[in-house]
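The values are calculated or read from the model by the stated rules, or taken from the named source; none is laboratory data. Every value quoted in this text rests on a predicted model; they were computed, and no experiment measured them. As a convention, Cβ positions derive from the backbone with ideal geometry for all residues, glycine included, and neighbour counts pool all protein chains shown.
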Amino acid sequence: MGGNEVLAERARNWGRFARSDAARGWLLVSPTALYALLLLAAPLATVLAFSFWTQDFLDIDRTFTLNNYREALAEPLYRELILRSVLIAGAVTLATVVLAYPIAYFVSFHVRPERKSMWIFLITIPFWTSYLIRVFLWKVILGFNGVVNTSLQGLGLIEEPLSFILYNPNAVVITLAHAFAPFAILPIFVALEKIDRSLLEASRDLGESRITTFFRVTLPLSVPGVAAAVLIVFIPTVGDYVTPRLVGGPDGLMIANMIQTQFLRLNNAPMGATLSVLAMVTVGVISLVFLALLARWLRVKQ
Amino acid sequence: MKGRGLYVYALAYLIFLYAPIVLLPIFAFNDSTVIAFPLSGFTTQWFAEIPETPALIDSVQTSLVIAATTAILSTGLGICAARAGAKYDFPGKRPVLGFIMLPLVLPEIIVAVSLLVVLLGLGLSLSSWTVILGHTLICTPFCIAILNSAFGNLDPSLEEASFDLGETRFTTFRLVTLPLVMPGIISSLLIAFTISLDEFIIAFFLTGTEPTLPVYLWGQLRFPQKIPVVMALGTILVASSVLILAVAEYFRCRGIARTGGKDTGGFL
């Protein structure tokens, strides 16, 4: 009996031993890590390599050159597409986060705890339905004979159908702001849920009004959620392909459309790779600058 | 007072969220090939045309096979990572897990393009398998996010009790851990399935001769006379997504109740 207990104790100690923990952890995580290494790191490295190569019809010339970057940065069309993608994604992010905040606040602070799940479920349902069909339906809503125009004409508010709401960047912003709504609501909601409610009571007890409490306590404490929402919306929208193609018209096309054209239509993989790298770098730099400014602002606040 | 104003705003916002979805059944049952108002009449003709379109049926089958395979692969990979993250501390844990989660914040077009370049470079021909590889990559982070809460809520004393009662590491996992996290696994499978079923851009780049359903739909959107059938199909898809998600949510809540944890809400 005693011997067994000692053995069991020893086995437990061995299990808690840091090195074996590390070994077990690495062993267990390795299939997933290996998969990500092979199918994410290696492909991204390949794209980077391609951006320094050139293609002559079907032959890839593997001599190192910066010509692709020179061409990409000199060509006004590419520059404009990258700039437009960033501006549209910025507008989408602003609209989505500003519209989402009150909803997250409402669900977190004004909905009874047992009904919160239901509200979150209601908000996420439209997000899980076919993205393609949703974007197409926005085309139906915003179109010449669409829902908006026919109802406004029916009400006698306008004579001619509005043309500024489809086949331009406005339409892309509206459609993407709809598509990414849950991505903004959920992180803000989680951040608001984490706020200790007694802090708000303390603020009220110390003589702050409801509104000043919101601006001085609730809003600053929810900043991490807002920051997460900004990045989660901004990064994928810069590279969106479907929405600009379906509702953007010629002036609403974005960088992803050009990347697709380079790869699948013009058969110029190196230029497609170069534009991909430039898009990634732009997104990365903007995200890092955003995070740095945020960190600085938070430090100043403290 | 303030709560009332927010409530009205919340309802208005829900109308905005549901606006496109509500139109779907309206046009699916509308007796006209023109997708615009005013409506002309009621018909179920578009639903009847679905089974008579072989290309559509094929693409649905391709998508279902891809989605099911993706769900199993990404949930398997997700279990490894979530379990390792919840149970063990090892050097480099945060960077490794962060790297695995990277596809969440990478534009999908980049993932699609980079995989395409590599697969073509290796001389592999595009097929359903190449789509599965891409989908597994982007679904795994979602699976990990769901499974993290399942493994995180697990009380370690239950496993220790099992060891003390003489079970081995493997039998403990099978008899104690697995049943406790099973609801999380099921909801992870369903989420990965749903994401894969709906994913367009990676499938668009990596699909071979057999298009997935979104790729097929993309082609159909160019032909106005085909659109009512797409609407009918969309209606069916919406109804089934809602059903799948309701089931997933049910299992997730039950899992939380089973491990005695607190509901932290939502899939993310």
Review point. Given the structure, is residue A:139 in a helix (DSSP H, G or I), closer than 27 Å to residue A:161 by Cα, out of contact with any strand residue (DSSP E or B) (no Cβ under 9 Å at 6 or more places or on another chain) and not aliphatic (A, V, I, L, M)?
Key: yes
Practice item. Report yes if residue A:115 is among the basic types (Lys, Arg) and at pLDDT below 85, otherwise no. Key: yes
Check your understanding: In this structure, does residue B:66 turn out to be closer than 21 Å to residue B:220 by Cα and without any contact (Cβ under 8 Å) to a residue 12 or more places away in the chain?
Key -> no
Study note, to complete from the structure: With criteria (1) part of a helix (DSSP H, G or I); (2) modelled with pLDDT under 85, residue A:144 comes up short on (1)
Check your understanding: Among the residues of the range B:64-105, how many are at the interface with chain A (Cβ under 7 Å from one of its Cβ atoms) and of a type in the set (A, V, I, L, M)?
Key -> 7
Exercise for review: Only residues in the range A:139-150 that are over 20 Å from residue A:244 (Cα atoms) count as the first member; pair them with residues that are part of a loop (DSSP other than H, G, I, E, B) and aromatic (Phe, Trp, Tyr), Cβ under 6 angstrom, at least 6 apart or cross-chain, and list the lot.
Suggested key: A:150/B:37
Review point. In the range A:178-194, is there at least one residue being charged (D, E, K, R), outside any helix (DSSP H, G or I) and either free of Cβ contacts under 8 Å to residues at least 12 places away in the same chain or facing chain B (nearest Cβ under 10 Å) (or both)?
Key: no
Exercise for review: Go through the range A:127-138 and give me each residue that's of a type outside the set (A, V, I, L, M) and in contact (Cβ under 8 Å) with a residue 12 or more places away in the chain.
Suggested key: A:127, A:131, A:134, A:136, A:138
Exercise for review: Consider only pairs whose beta carbons are under 7 Å apart and that are at least six residues apart or on different chains; among these, list those whose first residue lies in the range A:22-42 and is within 7 Å of chain B (Cβ to nearest Cβ) and in a helix (DSSP H, G or I) and whose second residue is among the polar types (S, T, N, Q) and buried (at least 21 other Cβ atoms within 10 Å of the Cβ).
Suggested key: A:32/B:140
Practice item. Please work out if residue A:232 is part of a helix (DSSP H, G or I) and either surrounded by 21 or more Cβ atoms within 10 Å (Cβ to Cβ) or of a type in the set (Lys, Arg) (or both). Key: yes
Exercise for review: Can you tell me which residue among A:162, A:157, A:166, A:152 is at pLDDT below 90, crowded, with 21+ Cβ neighbours inside 10 Å and more than 10 Å from chain B (Cβ to nearest Cβ)?
Suggested key: A:166
**Study point:** Hits in the range A:43-71 - residues which are outside any helix (DSSP H, G or I) and touching a Leu at 6+ places or on another chain (Cβ under 8 Å)
**Key:** A:52
Point to revise | Index of the failed condition, residue B:176 passing every other in (1) away from chain A (no Cβ under 11 Å); (2) outside any helix (DSSP H, G or I) | key: (2)
Check your understanding: Does any residue of the range A:160-168 turn out to be farther than 15 Å from residue A:247 by Cβ and charged (D, E, K, R)?
Key -> yes
Check your understanding: Condition test on residue A:203, is it polar (S, T, N, Q) and either within 8 Å of another protein chain (Cβ to nearest Cβ) or in a helix (DSSP H, G or I) (or both)?
Key -> yes
Review point. How many residues are surrounded by 22 or more Cβ atoms within 10 Å (Cβ to Cβ) and either more than 30 Å from residue B:17 (Cβ to Cβ) or not hydroxyl-bearing (Ser, Thr, Tyr) (or both) if we restrict to the range A:83-105?
Key: 7
Exercise for review: Examine the range B:139-149 for a residue that is β-branched (Val, Ile, Thr), modelled with pLDDT of 90 or more, crowded, with 18+ Cβ neighbours inside 10 Å and in a helix (DSSP H, G or I), and state whether such a residue exists.
Suggested key: yes
Check your understanding: If you take the residues of the range A:217-229 that are within 13 Å of chain B (Cβ to nearest Cβ) and surrounded by 21 or more Cβ atoms within 10 Å (Cβ to Cβ), which of them is nearest to residue B:104 (Cα to Cα)?
Key -> A:229
Review point. Among (1) facing another protein chain (nearest Cβ under 8 Å); (2) at positive phi, where does residue A:147 come up short?
Key: (2)
